[in-house]
Amino acid sequence: MFELLGAGIVNVLQFKYLIPLFVGTLIGVVGGALPGITITMTIIVVLPFTFGLEPLQGLSAMIGVYVGGETGGLITSCLLGIPGKPSAVATTFDGFPMAKKGEPGRALWLGIWASIFGGLLGAVFLVATTGPLARIALQFGPWEFFSLFVLALSMVAGLVEASLAKGLVAGALGMIVTILGNDPVMGQKRLTLGIPMLEGGIDFLPVLIGVFAFAQIMSEVERMGGAHKAIDAVQRGVSLAVSHLKIILEIVSRPLLLLWSTFIGLAIGVLPAIGGSAANMLAYDQAKKFSRHPEKFGTGTPEGIIASEASNNANVAGSLVTIMAFGIPGDAVTAVMLGALTIHGIQSGPLFIVQNATLAYGMFAAYIVAHALVLAILLVGVRWMLRIVEIPKATLFPVVLVLCTIGAYALSNTMSNVYVLLVFGLFGYAMVKFGFPLAPFILGVILGDQIEINLIRAIMTDANPWLFLTRPISGSLLVLSVASLAFAIWQHYRQRARVATEVEADF
Amino acid sequence: MSRDGIAGLAVLAASLVLFVLTLDLQDSPMVPVGPGFYPRIVLGLTALLSLGLVISDCLAQRQRRSEPPVAVATAVAAKERLNYPLVAISFGVFALYCIALPGLGFRIATFAYVVASNAVLAPPRGLKGWAGSVTLGLLTAFITWLVFERYLSVLLPRGRWTQF
């Protein structure tokens, strides 16, 4: 394992891999820092550039975006009080007050170093667990894969913030996309609705690009043209210089906080499609609960910044574990990575690490090296980032949509994917407006085919449907799916009851 | 009925229509289950879930009716005013771009789209503003074409009408 990792690091340090990794990391830091531009959007923009690259070059660039984006989001959180991305929201609670109190450098670098530590601790988990988990998954038959994918979908549908019913409907809608066009087992045409474009089925990448890009851009566009709130920013001329040794000591003198926040980030990352936005809030909440001075949270306490930033970078490692060991995307960013693997003809899943050990360990190495690059980029250019975030959205959005169009077109060099992008762009925006969560929809689109293939394989091997329940792993996974849905329902009713009690208490 | 109920009804209708279409699918002699087997499960499940959404919306609606009207009015007034016409125009401009792409070719269509979209989102003021929009359009079209066609070997659409 260590030999392969060492070889991976040496490999990634070659210019042909280091340059895409560096460029990806830089774009990630900038994209993460730009309020209104998420990491998903940034990675979608980078995707078409990876088509002409080798798999490790392309994946390195994407990992760079992911790591850079998670760290970049804290810049505006600390200095402008505006989170660059949802996973930096909790950083704002203490980062901005600390900066406003005259310590912007401390706030910023506490976040950056906590991100680095959280990310690198996450790397230990990533390298140590992916192989063993993939080996466990190798024992799976079609029954277990079917149940695993059902579990992933039910967890995502249950854990999203919107209602459980909407989460489940969104997941089911995603699965409907996969049944249009052709049957993945025998290739027979079905439900083409008389549209020739549908005969080959619908690629998931244009759907993903359309849904996420439009949902986000149009949600920003609808707020344009009105009065803008004045930003209560930290003054631009203020010094950001700090003693890095002091900052590092400030973080490592709180080992339990760092380890617990990292653990939360990893655990949330491993669960499909929950993401860094939940990780940073949960880690912040836990840090507050365990703190001896919870009353100081929200006033510029270092614990709040460390918890939020360590967890959101560790979250990246957790998401990578899920995709590399099971082939299930941990979030939208890894879903795009899954698409990139498919474009290069690489099958994700438990066989990935066995059949593509060089690539897998190259990805681990890219993840580790990306942290060093983030640090280097921010040491040199943190002040410039504040200027970059001033780019008007009216300039940014058309360029982003052109890159999305190229990304969709270049998948098969046909216009049909561009039309899919447009249709699902409208659909994604409508979903947002009707309050449907996007994550279960996308997971449904990604896993729908796999669920069908494994279901049919299982039935072809043995027509006894009870095997899904009587095989121990498959049965346990299905029981877990039911339990996760039951938990979501219980949580929903508990929350309603709490709201009702609070309303009554007002009287 | 609120937006949840409307969305639920739309999904229910769509899944039922598709479910009926699956009944025409012929079974394959090669596999024990035909191409319609899985779609029927998915569509049946979707129909049930969307029906659940409609029912829960109706129940919630009944509960909302029993709430004091002041609370509902306050919640409506608290909603942010959103610029939907701008969203509709932006979608329209992008749809035109997608339609024009095969005819005009990547470079011309992209230039036109970026200028139009930029002008829609932030109307240029005076000659300088227009010059900025045009420059952005030219740079986007030229740089993306150069990077993708020349360096990444991604062939971008040529115009059927313009041959460019």
Inset, instruction - Taking the options B:Arg40, B:Arg62, name whichever one is over 27 Å from the mean Cα position of the chain (by Cα), without any contact (Cβ under 8 Å) to a residue 60 or more places away in the chain and assigned to a helix (DSSP H, G or I). - result: B:Arg62
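Go over the candidates A:Leu26, A:Leu53, A:Leu74 one by one and state the one that is aliphatic (A, V, I, L, M) and either in contact with a strand residue (DSSP E or B) (Cβ under 8 Å, 6 or more places away or on another chain) or part of a loop (DSSP other than H, G, I, E, B) (or both).
Values: A:Leu26 fails: either in contact with a strand residue (DSSP E or B) (Cβ under 8 Å, 6 or more places away or on another chain) or part of a loop (DSSP other than H, G, I, E, B) (or both); A:Leu74 fails: either in contact with a strand residue (DSSP E or B) (Cβ under 8 Å, 6 or more places away or on another chain) or part of a loop (DSSP other than H, G, I, E, B) (or both).
Being aliphatic (A, V, I, L, M) and either in contact with a strand residue (DSSP E or B) (Cβ under 8 Å, 6 or more places away or on another chain) or part of a loop (DSSP other than H, G, I, E, B) (or both) holds for just one of A:Leu26, A:Leu53, A:Leu74, which is A:Leu53.
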Inset, instruction - For residues that are among the β-branched types (Val, Ile, Thr) and within 7 Å of another protein chain (Cβ to nearest Cβ), tally how many sit in segment A:374-426. - result: 5
Legend entry - Answer residue from segment B:125-154, given it is farther than 23 Å from A:Phe397 by Cβ and exposed (fewer than 12 other Cβ atoms within 10 Å of the Cβ) and is nearest to the other protein chains (Cβ to nearest Cβ) among those: B:Ser153
Legend entry - Pair list, Cβ < 9 Å and 6+ apart or interchain, from segment A:479-499 residues that are under 21 Å from A:Leu469 (Cβ atoms) to residues that are of a type in the set (S, T, N, Q): A:Leu480/A:Ser147; A:Leu480/A:Ser154; A:Ser481/A:Ser147; A:Ser481/A:Ser154; A:Val482/A:Ser154; A:Ser484/A:Ser154; A:Leu485/A:Ser154
Inset, instruction - Residues being in contact with a Ser or Thr (Cβ under 8 Å, 6 or more places away or on another chain) and within 20 Å of A:Lys166 (Cα to Cα): count how many of those fall in segment B:15-38. - result: 1
Inset, instruction - Filter segment A:40-64 for residues that are under 23 Å from A:Ser77 (Cα atoms) and at pLDDT below 85 and give the result. - result: A:Thr40, A:Met41
Legend entry - Count of segment A:162-197 residues which are away from chain B (no Cβ under 12 Å) and part of a helix (DSSP H, G or I): 2
Inset, instruction - Could you tell me whether any residue of segment B:61-80 is at the interface with chain A (Cβ under 10 Å from one of its Cβ atoms), modelled with pLDDT under 90 and either touching a Cys at 6+ places or on another chain (Cβ under 9 Å) or surrounded by 13 or more Cβ atoms within 10 Å (Cβ to Cβ) (or both)? - result: no
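Table: residues versus (1) among the charged types (D, E, K, R); (2) at the interface with another protein chain (Cβ under 7 Å from one of its Cβ atoms).
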| position | (1), (2) |
| --- | --- |
| B:Gly5 | no, no |
| B:Val20 | no, no |
| B:Leu23 | no, no |
| B:Asp27 | yes, no |
| B:Tyr38 | no, yes |
| B:Thr46 | no, yes |
| B:Gly52 | no, yes |
| B:Ser56 | no, yes |
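One line per residue, one yes/no per condition, for (1) hydroxyl-bearing (Ser, Thr, Tyr); (2) without any contact (Cβ under 8 Å) to a residue 40 or more places away in the chain; (3) crowded, with 24+ Cβ neighbours inside 10 Å:
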{"position": "A:Lys393", "(1), (2), (3)": "no, no, no"}
{"position": "A:Ser416", "(1), (2), (3)": "yes, no, no"}
{"position": "A:Tyr419", "(1), (2), (3)": "yes, no, no"}
{"position": "A:Phe427", "(1), (2), (3)": "no, no, no"}
{"position": "A:Lys433", "(1), (2), (3)": "no, yes, no"}
{"position": "A:Ile442", "(1), (2), (3)": "no, no, yes"}
{"position": "A:Val445", "(1), (2), (3)": "no, no, yes"}
{"position": "A:Gly448", "(1), (2), (3)": "no, no, yes"}
Legend entry - A:Gly339 vs. criteria in a helix (DSSP H, G or I), in contact with an Asp or Glu (Cβ under 9 Å, 6 or more places away or on another chain) and under 19 Å from A:Thr38 (Cβ atoms): yes
Inset, instruction - Report yes if some residue within segment A:280-301 is within 20 Å of the chain's Cα centre (by Cα), buried (at least 21 other Cβ atoms within 10 Å of the Cβ) and among the β-branched types (Val, Ile, Thr); otherwise report no. - result: no
Inset, instruction - Name, by its number, the condition in (1) more than 15 Å from A:Pro392 (Cβ to Cβ); (2) at the interface with another protein chain (Cβ under 8 Å from one of its Cβ atoms); (3) aliphatic (A, V, I, L, M); (4) touching a residue at least 24 places away in the same chain (Cβ under 8 Å) that does not hold for B:Ala95. - result: (4)
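Scan segment B:138-150 and give yes if some residue there is basic (Lys, Arg) and outside any helix (DSSP H, G or I), otherwise no.
No, segment B:138-150 has no match at all.
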Inset, instruction - Might you let me know whether segment A:323-339 holds any residue that is farther than 17 Å from A:Val46 by Cβ, buried (at least 24 other Cβ atoms within 10 Å of the Cβ) and touching a His at 6+ places or on another chain (Cβ under 9 Å)? - result: no
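The values are calculated or read from the model by the stated rules, or taken from the named source; none is laboratory data. What you see is a predicted model, and the numbers here were worked out from it, not measured in a lab. Ideal geometry is used to build each Cβ from the backbone, glycine not excepted, and the neighbour counts take in all protein chains shown.
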